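What follows is one structure encoded as structure tokens, with my remarks underneath.
Nothing in this text is a laboratory measurement; each read-out follows from the coordinates by a stated rule. Values in this document were obtained by computation on a predicted structure and should not be read as measured data. Counting neighbours? That spans all protein chains shown, and the Cβs are built from the backbone with ideal geometry, glycine included.
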Amino acid sequence: MSFNKEDIIKDFTTIVFASDFHIPYEDKKVVKLFFKFLDLNKREIDYLILGGDIIDFYSLSRFNKDPRRALEIQDDLDKVFDFMTTCGRLVPNAKIKYLCGNHEKRLRTFKWSKVPEFAYLRCLEPEKLFRLNELDIEWIPKRWNYKKLWFIHGDKLSRHSGWTAQKMRAEYGTNVICGHSHRTGKSNRTDLSGNYGGWESGCLCDLNPEYMEGIADWQQGMSVVQYYRDKIFYVHNIDIVKHSFLYNGKYYTL
């Protein structure tokens, strides 16, 4: 009996999880590399999960900020729309989902605290501002599950790589993959109920943004989750170093 590549691919479901672009503070070279990855693997990718903090919403931050950027929100929204449009074009057969991150929540916090009269205007909801319906992208306000793995942005931070994954795994008590920490890492646990793990996928933003003083202990990366016949899964945590990475026997660089 012979097998061809098409038969093998049908046995697998592939999910790409990428978060923390922080547009307009994305690393433009890394985004180009991300687009290259999507393009070269478009036939295998079934889901693309944009795992939160895709936009930075710098102007809505409660922290001190450059007043020159106060009027650039629409420019940032347009950049996010262009980014998502490119994603959809590169993986036309994939279902794309946008998880809410803490930076997307800046919009709600700003409305509630500064302009409560606008808090529940439908035209100011994330789905409308990001024009997700035009791109057939689903907004996920909290978390998304596929089989035995939960996809979340995350709300925990730890000092070291992998520790945030451990915290999220312990809180959820099951398999979970998150962003938020801007670090890559993994934490496994085995008990009487079996083996389960936590993963943090890194970031795709600039590692030296204008607002950062000192050295940021961040790592660029993303994750690819592969399910075999929806029975078992494996998480490939991809570390991006100097705008290059290895995946599935291929070297990706610009």
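Against the chain, whose longest principal axis is taken from its Cα atoms, helix 105-114 shows a tilt of about 20°.
Once the chymotrypsin sites (Phe, Trp or Tyr not before Pro) in DSSP loops with at most 10 neighbouring Cβ atoms within 10 Å are cut out of the chain, the longest remaining piece is 121-254. Placing one identical point scatterer on every Cα of segment 136-178 and ignoring solvent, what is log10 I(q)/I(0) from the Debye formula at q = 0.31 Å⁻¹? Log-scaled intensity ratios, in q order: -1.14. Compared with the dominant Cα axis of the chain, that is its longest principal axis, helix 163-172 is turned about 80°.
Near Leu48, once Lys and Arg are set to +1 and Asp and Glu to -1 for all other residues with Cβ below 13 Å from its Cβ, the sum equals -1. Put a dot 7 Å past the Cα of Leu135, heading toward its Cβ, do the same for His243, and the two dots end up 2.3 nm apart. Can you give the net charge of the other residues whose Cβ lies under 14 Å from the Cβ of Lys97, counting K and R as +1 and D and E as -1? Once positives and negatives cancel, what remains is -2. What's the FRET efficiency of Cys123 with Leu192 using the Cβ-Cβ distance as r and R₀ = 45 Å, to the nearest 0.05? Between Cys123 and Leu192 the formula returns 0.30.
Shape of segment 156-254 from the C-alpha gyration tensor: oblate (a/c of 1.5 or more and a/b not above b/c, with a ≥ b ≥ c the square roots of its eigenvalues). Were the residues from Glu72 through Leu254 laid out at 0.36 nm apart, the gain over their Cα-Cα distance would be 62.6 nm. Remark: segment 17-27, residue by residue, has Karplus-estimated 3J(HN,Hα) of 10, 9, 9, 6, 7, 6, 3, x, 9, 5, 7 Hz, where x stands for each Gly or Pro and the curve is 6.51 cos²θ - 1.76 cosθ + 1.60 at θ = phi - 60°. The length gained by stretching the chain between Ser59 and Lys114 to full extension, at 0.36 nm per residue less their Cα-Cα distance, is 18.5 nm. Residue-wise HN-Hα couplings along segment 87-95, as the Karplus relation 6.51 cos²θ - 1.76 cosθ + 1.60 with θ = phi - 60° gives them from phi, are 4, x, 5, 6, 10, x, 9, 8, 8 Hz; Gly and Pro carry x. Working note: Karplus 6.51/-1.76/1.60 with θ = phi - 60° gives segment 211-222 the couplings 8, 8, 9, x, 9, 7, 7, 10, 10, 7, x, 7 Hz, where Gly and Pro are set to x. Taking amide H positions as modeled 1.01 Å from N, with prolines and chain starts lacking one, the residues under 5 Å from Glu26 and 5 or more places away or on another chain are Asp206. Using 0.36 nm per residue and subtracting the Cα-Cα separation, the extra length available between Thr174 and Thr86 on full extension is 28.4 nm. What you get for the chain, charging only the Cβ of Lys and Arg (+1) and of Asp and Glu (-1), is a dipole of about 480 debye around the Cα centre.
Anything over 30 Å Cα to Cα? Flag those among Lys28/Lys142; Lys79/Lys114; Lys114/Lys167; Lys95/Lys250; Lys79/Lys148; Lys29/Lys97, in the order listed. Listed pairs above 30 Å: Lys114/Lys167; Lys79/Lys148.
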